[in-house]
Amino acid sequence: MRAGFPDFRLGSVLATSFTGTLSERLGTAVERIPTPQRLIDWLAVNGLAVDSCTTAQLELARELRESIHAVATAAAIGDALPESAVQVINDRSVRGRAAAILTPEGNRRWQLGSASRVEDALSVIAADAISIIAGERDGKLALCASPTCQAAFFDTSQSRTRKWCDMNTCGNRQKKARFNANQRKEALHR
């Protein structure tokens, strides 16, 4: 990753990984795509390489990210999906030129239009969000149990009881906080 920027939090689900480019939403927010180049970097890491990105395209991406987060959060808690956020997801989905390609290994890979525009990559992310929110994939949407994070994630664990968006960050932070609290209690009772 480029020096001076926070690392990307990569997951196995494109749409929720994309919403993770803004983390600690209820604490001190961490923006992981603060510049157009960082969006290009994130897209490349996720197999959606684009030729360039403008500030306006970065704003389109952030609007999609926040819309996916809003809809995924509503779906996770059983609320009505916010209409304006649904509209943004649908708009981004239809505006891109991308095609699903079958690899020789039998996997799906996305091929962007010949010009590899940001809008093409955003359409892939929007389509992924639609598939998980519509319940087309095996798993369930959930919210991170960290009180400062509350990221939406797609739980594909066998029991569907995963608590954290990322065990290496939120999960470890919560376990450390519990450990420290228990240590303080033990010290008071000595």
| remark: Being of a type outside the set (D, E, K, R), at pLDDT below 95, touching a Leu at 6+ places or on another chain (Cβ under 7 Å) and assigned to a loop (DSSP other than H, G, I, E, B) narrows Leu48, Leu26 down to just Leu48
| note | Going through the range 142-166 in order, the residues found to be surrounded by fewer than 19 Cβ atoms within 10 Å (Cβ to Cβ) and of a type in the set (Ser, Thr, Tyr) are Thr148, Thr156, Ser157, Ser159, Thr161
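Got at least one residue in the range 119-128 being closer than 13 Å to Ala15 by Cβ, of a type in the set (Gly, Ala, Ser) and in contact (Cβ under 8 Å) with a residue 60 or more places away in the chain?
Of the range 119-128, the ones closer than 13 Å to Ala15 by Cβ are 121-128.
If we keep only those that are of a type in the set (Gly, Ala, Ser) too, we end up with 121, 123, 126-127.
From what's left, in contact (Cβ under 8 Å) with a residue 60 or more places away in the chain: 121, 126.
Checked the range 119-128: at least one residue is closer than 13 Å to Ala15 by Cβ, of a type in the set (Gly, Ala, Ser) and in contact (Cβ under 8 Å) with a residue 60 or more places away in the chain.
Can you tell me which residue among Val71, Val45 is within 20 Å of Phe154 (Cα to Cα), open to solvent by 50 Å² or more (accessible area, probe 1.4 Å) and β-branched (Val, Ile, Thr)?
On the way: Val71 fails: open to solvent by 50 Å² or more (accessible area, probe 1.4 Å).
Sole residue among the options that is within 20 Å of Phe154 (Cα to Cα), open to solvent by 50 Å² or more (accessible area, probe 1.4 Å) and β-branched (Val, Ile, Thr): Val45.
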| request: Just name the residue that is surrounded by the fewest Cβ atoms within 10 Å (Cβ to Cβ) out of those in the range 74-91 that are farther than 23 Å from Ile33 by Cα and among the hydrophobic types (A, V, I, L, M, F, W, C). | output: Ala80
| remark: Selection over the range 21-35 where residues are open to solvent by 30 Å² or more (accessible area, probe 1.4 Å) and of a type in the set (Val, Ile, Thr) yields a count of 3
| Thr169 passes all but one of (1) of a type outside the set (D, E, K, R); (2) open to solvent by less than 40 Å² (accessible area, probe 1.4 Å); (3) touching a strand residue (DSSP E or B) at 6+ places or on another chain (Cβ under 9 Å); which number fails? | (2)
| task | Select from the range 141-168 the residues that are in contact (Cβ under 8 Å) with a residue 40 or more places away in the chain and farther than 18 Å from Arg25 by Cβ and list them in ascending order. | result | Thr156
| request: Taking Ala56 as meeting all but one of (1) in contact (Cβ under 8 Å) with a residue 24 or more places away in the chain; (2) in a helix (DSSP H, G or I); (3) over 19 Å from the mean Cα position of the chain (by Cα), write down the number of the exception. | output: (1)
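Limited to the range 92-115, what total is found for residues that are surrounded by fewer than 18 Cβ atoms within 10 Å (Cβ to Cβ) and in contact (Cβ under 8 Å) with a residue 24 or more places away in the chain?
Our first condition is that a residue be surrounded by fewer than 18 Cβ atoms within 10 Å (Cβ to Cβ); within the range 92-115, this holds for 94-95, 97, 99-109, 111, 113-115.
Okay, now just the ones that are also in contact (Cβ under 8 Å) with a residue 24 or more places away in the chain, so 94-95, 97, 109, 115.
Residues in the range 92-115 being surrounded by fewer than 18 Cβ atoms within 10 Å (Cβ to Cβ) and in contact (Cβ under 8 Å) with a residue 24 or more places away in the chain: 5 in total.
The values are calculated or read from the model by the stated rules, or taken from the named source; none is laboratory data. Note that the structure is predicted; figures quoted are calculated from it, not measured. No Cβ is skipped: glycine too gets one built from the backbone with ideal geometry, and neighbour counts run over all protein chains shown. The area values use the complete protein model at the heavy-atom level, side chains included, leaving out ligands, DNA and RNA. Shrake-Rupley method; radii C 1.70, N 1.55, O 1.52, S 1.80 Å.
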